[in-house]
Structures are given as C-alpha cells and as structure tokens.
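Comments concern the structure below.
The values are calculated or read from the model by the stated rules, or taken from the named source; none is laboratory data. If you're wondering where the values come from, they're calculated on a predicted model, not measured in any experiment. Note that we place each Cβ from the backbone using ideal geometry, even for glycine, and neighbour counts take in every protein chain shown. To get the accessible areas, we keep the full protein, side chains included, count just its heavy atoms, and leave off ligands, DNA and RNA. Shrake-Rupley method; radii C 1.70, N 1.55, O 1.52, S 1.80 Å.
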Amino acid sequence: MIGSDPIVRHGGRVLVDQLLRHGVDNIFTVPGEAFLPVLDALYDEPRIRTVSCRHEAGATIMAEAHARLRGEPGVALVARGPGATHASVGVHNAVESSAPLLLFVGQVPTSQRGRGAFQEVDIEGLFAPLAKWAVEVERPEHLSEVTARAVRVAKDGRAGPVVVSLPEDVLAERVSVPDAPVATSPSRPAPSPGELAELRSLLEGSNRPLVMVGGGAWDEDAARALTSWAERNNLPVAVSFRRQDFLDNRSPCYVGHSGVGVVAGLADRILQADLIIAIGTRLGDTATRGYTLLKPPNPSQSLVHIHVDPDELGRVYQPTLSICAGIPETVAALAAASPLSSQPWRDWAVGARADYEATLSPPPAPGAVDFGQVVTYLDSRLPPDAILTSGAGNYTLWPQRYYRFKQYGTQLGPQSGAMGYAVPAAVAAKLRHPDVPVVAISGDGDFLMTGQELATAVQYDAPIIVLVVNNGMLATIRMHQEFTFPGRPSGTDLNNPDFAAYARAFGAFGATIERTEDFPPAFEQALDARVPAVLDILVDPEAILPHATLSELRRQAQTD
C-alpha cells in the first residue's frame, strides 16, 4: 500500500489486487496458459467470482452485460491470438452500447515479441481502431498504474472498452511495487443555466415537441428524473434501439422505440415534430431510420442534442442547440425545474401515445405457434423487474413491439447487431440478480452462436430461461433476399438439432412448443425447474415479420 513498504508479489497478484481496489466482483474468462499467475491469484481471492466460460465471445459479452447492469467496469480475461480475436465481438458491442469493459489479454513473453511466436498477435494494433485505449504492459511495475488508468478511461466521458495486453513474463515476475491510487469516478459536465434557459425557450415556442433518448450513460436515478420531467410537462418520449427500459412503457409519455422496426405512426411523428430534444442518443442510422427521419446535416425539425461526448455533437447533424453534458446531470436539472405553464402540445402527446397503444395487439400469425401471443403472455406474466435479453434477428421485433419494459435495467440487447448475445448476457444477468427472472430470447441461428454457454449457466447455478424462436432459417437475411431477389433464397436454410434434447444433455430443462397453448404450461415448468431451461418454439417460416408474411414480401417484391 502507499505509505508503507509494499509486499513482494508476482504480477498476477498485483493485477488482481488492483481490480479488487476498483470494486471488481466478477471476472469472466476462458483460462489460458499465458496468464497462469492471474488465475493463481484468483484462487486465493474469494471476493472475486471467477466465471469460466466456454468461448471468449461469451466471456466478453457477459462482462459487457455485467457492466451495463452494474454501472461499473465489467472484466473479461482471455488468451492471446484466437482468444483475443474471438473476444473482439464483445469489445465491438461495448463500443456501440457505451459500456465500460476491461479486456485483459495474455500475451507472449516480451523476449518473443515481434518474432511471430505461437499465437502472437499485436493486441495494441488489433484493438486500437475499436477500443477507447489499447495498451501493452511492458514492466510488472507498471501493472498497478496501467490498471488504474484503464478503469478511468473506460468510465470517462462516453464509456467504452479498454484492452490491456499482459505478457507472460510481466505477470510471472515478482516485484515490490505500491498500489496506484484508486481511479476516482469521472466528473461529468452539467448543463449551464444559460443552456437550460435556451432549451426551455425552444420548448415554450414548440407545438409538436418529441423527446428521443438513448445512449449508455444512464442509471436508475436518471430514468426516474426523465419520467418526472416528461410527465410533469406532458412530453412524448421515444427511446432508441434496445433502450426501451429507460422509461416505463406504461407511462402516458412513452410513445415507442425509434430503432430497427420503428412503426409507421412514430416515424410520422418524428417527421412532423417541430422540435426534437435528443438526450444521450447519438442519432445514428438505427434511431433515424437510415438518417431519413432527421435529414443531415440540417434537419427540418429544430434540434436540441445533448451528449457527454463533444465529438458526437455536430458529427452528423448541426443542432439548433448542442449541450455537452452528462445525462444524469442533465435530466436531474430538467426535473428540478418548474413545469411549463403553457403546454400547447397536449393533444399532440395524447395522439402519439394512442398511436403506440394501437400497436400493442399483435395480428394473427400463420402457423400453430403465434409468437406474438407468446410475447403478450410474457408481458402479463413476468414481474416488472424481470430481465429480457435478446440477440439479433427479425424475431427481436416481437418483444420490442409487444413486450412492455417497466423498469430500468431490464433490457439487454446487442447495440452492435451481433448474433449470439442473448444467452451469455442472460447468464451475466442471472449471476448479478439471482432472484429475478431472466429470459433470453434467441433465434435458432442466433442461439447456436453461443449456446454452449448453457453449460456455464448450469455450472454456476444460473437458471435462465431461453426461448429459441425456431423457424429453420436465418430470417433477417431471407427477408432481405426476398426484397432484393424474390423467390431465390440462398444459404439461409438451417437444419437444426432438437434444441430441447440439446438442453437436457447439459442438465438443463428442455421442452418443445408446437402450439401456442403449449407455451404457458411449459414456461411455468421452466420457472419451477430451478435449473436453466430451453423452450424450443417451432414457428412457421411464413411468420417472418409481425406485420407481413414471407409470401407477402415475395409478392410485393415481384410486383415492384
């Protein structure tokens, strides 16, 4: 410790001690020989749970999900070469979700660097374009200070991933080195009184305002402040891609999500708005339907853009008012202000809410299993604190549209669009919140990307429930094929295993759902099983979208 004679420790122990000092409570790893000293130190450290995963992508996804749920850095530890490249999927998702991820990568000894040693990869060069910071520790004496800086960089500003390369000899060498000071929580700028006054003035002059929220720098207090400000001012609020838990969907101010699959009514509202107040969201292509709902660089709507990263302000759009400020600080200041006495947009807001409510009843779907009815059952059955995770694919449109998220911190989905996210994210969520129901919703192609992490769920007693939406194809790509080359599917058919039997082979509960009415009793059995569960839901391939069948898409494309 600083101020006393430091003890002699090997580099692995130095690293673990620094992680402890920064509050790390879980490490997700696929063990490798390059970081044996770290594993040795973890053997003696009961304050950190070491979760051994089955694939490095699964480990980094778990660490990223853990970071999002905890609001503090999540930690993954993987081997060099293929371990690092596998882990890049999770790093990319941490970039897109603005999650503070720390990825530590075992590396060849420093004496072998640059010689093309077995599994040698330039970690700094590999991750520099992707991570906020990528660095190699060259001396064991530097481990303490590099770790402290890595934590600070991951959390500061727009949060994101940091990758640290750890050569074998750096971890093995014994040194006498003090611990670095604990990295303090980064200070975020608050909006100035002048900026708040200008925002209020723009709102007072508006008849059709719309608030759009997103980004990664939120917490429970910020979500409550958003609710207070919006409801006291009767402001319609749309959330961005897979951020639906930022505002209770039952609130009269919630009007839907502007991400992939935005409904026509909300898209029209965004186009018709005379003022957009964008808080936290980067206003990327998913939030703006390919930059068509707000046209760059100067949208027709007045635009207030609030973001903690100054580089995001003016990057695509030139705002009427840009505010570089932390999101919790901003919404707290907005909530503390008195409500506007004149609110001429009341009817506009009521209409936007009515548009959203009209989308909550799924139309009948072809086939024996109506997945829309499955989702509405989940909506009525699960408690408000239940956590839903998803991967990537058309099947996600059903929970995004028909499930109402009711509490902050209950939605985990890949902002990067990576398949295979749902299962490892669900494992991390269940380990973090063991008393909360956690449901992972995967497509059949999506599930087998990381389905082996079911073994991790069994090993660490994380009874997640996985719903596999099984239509025997990669439906998103098939949809695009039918739009572009109707009637000519190529490479998108899947020959799937028996997913229920697959689950039972792991020691999990498994059941196959062949009719809509089979789902509720099977789901209750899965809840009661107290072990991880997989429900294989056999969906008709015709049910490719909530609002259109596969045949309808093909006919439309052939007509056009």
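Numerical summary
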read-out: Test result for R478, under 30 Å from L553 (Cα atoms), among the charged types (D, E, K, R) and surrounded by fewer than 24 Cβ atoms within 10 Å (Cβ to Cβ); value: yes
read-out: Selection within the stretch 215-239 - of a type in the set (G, A, S) and either at positive phi or in contact (Cβ under 8 Å) with a residue 24 or more places away in the chain (or both); value: G215, G216, A217, A222, A223, A225, S228, A238
read-out: Residues of the stretch 271-296 satisfying the condition of being of a type in the set (S, T, Y) and either touching a residue at least 60 places away in the same chain (Cβ under 8 Å) or open to solvent by 40 Å² or more (accessible area, probe 1.4 Å) (or both); value: T281, T286, Y291, T292
read-out: Test: residue in the stretch 89-112 that is open to solvent by less than 10 Å² (accessible area, probe 1.4 Å), closer than 23 Å to H142 by Cα, polar (S, T, N, Q) and at pLDDT below 95; value: yes
read-out: The stretch 371-383, residues that are of a type in the set (S, T, Y) and either open to solvent by less than 20 Å² (accessible area, probe 1.4 Å) or out of contact with any Phe, Trp or Tyr (no Cβ under 8 Å at 6 or more places or on another chain) (or both); value: S380
read-out: Test: residue in the stretch 409-430 that is open to solvent by 10 Å² or more (accessible area, probe 1.4 Å), modelled with pLDDT of 95 or more and within 25 Å of E357 (Cα to Cα); value: yes
read-out: Tabulated pairs, the stretch 383-395, first on the phi < 0 side of the Ramachandran plot, second surrounded by fewer than 23 Cβ atoms within 10 Å (Cβ to Cβ) and hydrophobic (A, V, I, L, M, F, W, C), C-beta under 7 angstrom, 6+ apart or interchain; value: D385/V436; A386/V436; I387/V436; G391/M419; A392/A418; A392/M419; N394/M479; N394/L545
read-out: Output for the stretch 368-377, where each listed residue is out of contact with any strand residue (DSSP E or B) (no Cβ under 7 Å at 6 or more places or on another chain) and either within 17 Å of E514 (Cβ to Cβ) or in contact (Cβ under 8 Å) with a residue 60 or more places away in the chain (or both); value: A368, D370, G372, Q373, Y377
read-out: Qualifying strands (runs of 3 or more DSSP E) (wholly inside the stretch 150-214; at least 1 residues being open to solvent by 20 Å² or more (accessible area, probe 1.4 Å) and either of a type in the set (A, V, I, L, M) or touching a residue at least 40 places away in the same chain (Cβ under 8 Å) (or both)); value: 174-176
read-out: Top-ranked residue in the stretch 36-83 [being part of a helix (DSSP H, G or I) and of a type in the set (D, E, K, R); ranked as least open to solvent (accessible area, probe 1.4 Å)]; value: E64
read-out: Count - residues of the stretch 178-213 that are at pLDDT below 95 and either of a type in the set (K, R) or in contact with a Ser or Thr (Cβ under 6 Å, 6 or more places away or on another chain) (or both); value: 3
read-out: Residues satisfying the stated conditions in the stretch 215-239, i.e. open to solvent by 10 Å² or more (accessible area, probe 1.4 Å), in a loop (DSSP other than H, G, I, E, B) and more than 19 Å from R70 (Cα to Cα); value: N234
read-out: Residue list for the stretch 297-313, restricted to those being in a loop (DSSP other than H, G, I, E, B) and either in contact with a His (Cβ under 7 Å, 6 or more places away or on another chain) or loosely packed, with under 13 Cβ neighbours inside 10 Å (or both); value: P297, N298, S300, L313
read-out: Candidate set: the stretch 481-505, residues that are buried (at least 19 other Cβ atoms within 10 Å of the Cβ) and aromatic (F, W, Y); chosen: the one nearest to L550 (Cα to Cα); value: F499
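Residue-by-condition table, conditions (1) open to solvent by less than 40 Å² (accessible area, probe 1.4 Å); (2) assigned to a helix (DSSP H, G or I); (3) of a type outside the set (S, T, N, Q):
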residue	(1), (2), (3)
A352	yes, yes, yes
P362	yes, no, yes
A365	yes, no, yes
V369	yes, no, yes
D385	no, no, yes
A392	yes, no, yes
Q400	yes, yes, no
